[in-house]
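> Have a look at this one before I ask anything.
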Amino acid sequence: MKAIIVGGGIGGLASALALAGRGWEVEVLERAAAFTEVGAGLSLWLNGLRALDALGVGQSVRERSLPEGQAGIQDASGRWLSRADPEAREGGNGLVAMIHRADLLAVLHAAVPEGSLRNAVTVSQVRADGTVVHSAGESRADLVVGADGIRSAVRASVWPAAASPRYAGYTAWRMVTPAMPVDGTSESWGRGERFGYGPLPDGRVYCFAVANAPEGAKDEGLAGLRRRFTGWHSPIPALLDATGQDAVVLHDDLYELPRLRAYAAGRVALVGDAAHAMTPNLGQGACQALEDAVVLAKCLDGHGGLDAYDRLRRKRTQMITRRSHRVGVVAQWQSPVAVALRNTTLRLLPSSSFTRSLAPVLDWTA
């Protein structure tokens with residue numbers, strides 16, 4: 001049995017690895033000239049780590065990541081609003097591990113069967129019968145996996161009536177600072193603005209900033225970020241000051257994908273952002289793509305086929321997409337009265353509520 005995977009990102013490489021592990025011949029088509037990723041950091045929560053274990057690369061990823069026992073939400077002055085239960089640990093580690101995106105991709109890339117990756121191939125059309133039209137010609141497979149992101153050509157071909165991605169109402173910046181000490185992982189909420197950070201294994205710090213903005217607004221750059229977050233609690237101004245002018249600061253408007261009515265049709269299945277692009281408010285984008293890969297391979301190995309994959313993954317990922325959307329709405333409130341009410345409510349909740357609220361997301365097992 002042969003599978004063609006369109007897209008060589010996290011979801012695509014994980015799908016190739018999962019299917020190859022169950023005897024499939026796999027071919028990954030990636031439009032970029034090389035399998036590289038500039039990227040920044042990302043969070044791997046417990047469910048994502050379990051998916052990596054099921055793929056056989058969990059230990060390799062853990063060796064390149066940094067487990068964090070402390071995670072939570074602060075306000076702009078540094079007062080804690082909500083923190084993870086310190087007892088919520090698994091295998092001696094915390095709820096989340098921080099890793100550079102390039103390191104995760106490198107582990108997945110190395111594990112995929114040699115010779116299965118094809119660069120500089122652009123897919124223009126996919127048909128439900130497994131035909132893939134691309135810049136190198138035309139191919140046919142028993143399964144086509146659309147792992148080509150939020151602007152998926154696979155989704156557009158097989159589900160032409162699907163709704164377009166929807167702007168979330170806020171924009172984001174991502175960067176990695178030089179090595180500097182920080183105490184755990186944190187996200188801070190202001191009025192229509194957020195700033196988060198987490199240490200990477202080599203001492204560098206992954207940072208992200210979020211702000212309400214019109215779609216397509218001009219990027220204010222690093223200088224604008226420093227002005228925006230001046231006066232916020234330590235170490236936020238220091239992290240921005242440590243980010244040099246020559247540093248890569250990635251800026252993107254944030255989008256989410258309206259619910260699809262199916263993730264599979266004929267011989268085609270969607271994974272990752274192609275199926276359920278979500279806002280990053282729960283740190284679940286990569287984790288859900290990893291879960292998709294594990295479940296897809298298992299369903300195709302005598303556990304219900306693509307119908308079961310569609311049923312299982314659509315219900316779960318759309319639940320998480322809704323949760324992430326709701327968190328983003330509350331986190332981006334601007335009204336002083338609403339923000340004060342939000343912060344007071346969060347502070348009054350018991351410490352266990354942070355972990356308990358994440359349970360439906362993190363409790364997934366392979």
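The values are calculated or read from the model by the stated rules, or taken from the named source; none is laboratory data. These numbers were taken from a predicted model, which means no experiment stands behind them. Positions of Cβ are backbone-derived with ideal geometry, glycine not excepted, and every protein chain shown enters the neighbour counts. Just the protein is used for accessible areas: all its heavy atoms, side chains included, with ligands, DNA and RNA removed. Shrake-Rupley method; radii C 1.70, N 1.55, O 1.52, S 1.80 Å.
> For D183 and A366, compute 0.36 nm times the residue count separating them, minus their Cα-Cα distance, and round to one decimal in nm.
Using 0.36 nm per residue and subtracting the Cα-Cα distance, I get 62.7 nm.
> Name the residue from L300, N281, S324 whose Cα lies farthest towards the positive end of the charge dipole of region 241-328, charges +1 on Cβ of Lys and Arg and -1 on Cβ of Asp and Glu.
With unit charges placed on the Cβ atoms, the residue in question is L300.
> A follow-up question, please. Name the residue, out of M175, M319, M98, whose mean-square fluctuation peaks in a Gaussian network model built on the chain with Cα pairs under 10 Å.
Comparing M175, M319, M98 in a Gaussian network model of the chain, the most mobile one is M319.
> I'd like to check one number: the per residue accessible area of the chain, probe 1.4 Å, reported in Å² as a whole number.
42
> Here are a few candidate values for mean projected area of the Cα convex hull in nm²: (1) 18.6; (2) 17.4; (3) 23.5. Which one was actually calculated from the structure I just gave you?
It is the value labelled (2).
> Also, quick follow-up: S335 to A102: extension gain in nm, 0.36 nm per residue of separation minus the Cα-Cα distance?
80.1 nm
> Which FRET efficiency, nearest 0.05, do S77 and T122 yield, Cβ-Cβ r, R0 35 Å?
Step by step, r from the Cβ atoms, then E = 0.10.
> Compute the length gained on full extension between Y167 and R261: take 0.36 nm times their separation in residues and subtract their Cα-Cα distance, giving the result in nm to one decimal.
Residue separation times 0.36 nm, minus the Cα-Cα distance, leaves 31.9 nm.
> Within the set of other residues whose C-beta is less than 13 Å from the C-beta of R194, count the net charge using Lys and Arg as +1 and Asp and Glu as -1.
+1
> Further question on the same structure: What does the charge count around P235 come to, taking other residues whose C-beta lies under 10 Å from its C-beta (Lys +1, Arg +1, Asp -1, Glu -1)?
Computed value for this residue: -2.
> Ok, one more. Would you list the P(r) distribution for region 277-347, with all Cα-Cα distances sorted into 10 Å bins from 0 and each bin expressed as a whole %?
The distribution over region 277-347 is 19, 35, 24, 14, 8, 1, given as percents.
> Using a Förster distance of 30 angstrom, determine the FRET efficiency expected from the C-beta separation of E215 and A136, and round it to 0.05.
0.30
> For a bin width of 10 Å, list the pair-distance distribution of region 210-277 built from all Cα-Cα distances, rounded to whole %.
15, 32, 22, 18, 11, 1
> Among R356, R31, R50, which one shows the highest mean-square fluctuation when the chain is modelled as a Gaussian network with alpha-carbon springs under 10 Å?
The residue that fluctuates most here is R356.
> How much of the accessible area of region 287-340, in percent, comes from carbon and sulfur atoms when a 1.4 Å probe is used?
On region 287-340, the fraction of accessible area on carbon and sulfur atoms equals 59 percent.
> Counting only protein heavy atoms and a 1.4 Å probe, tell me what percentage of region 104-146's accessible area is made up of carbon and sulfur.
Solvent-exposed carbon and sulfur of region 104-146 make up 45 percent of the total.
> Moving on. Relative contact order of region 13-161, please, whole-number percent, based on alpha carbon pairs below 8 angstrom and at least 6 residues apart.
28
> Using helices alone, I'd like the mean residue ellipticity at 222 nm for the chain: each DSSP H run of four-plus residues gives -39500 (n - 2.57), total over residue count, nearest 500.
Value at 222 nm, helices only: -10500 deg cm²/dmol.
> A follow-up question, please. Tell me the carbon and sulfur percent of the accessible area for region 172-237, rounded to whole percent, probe radius 1.4 Å.
52
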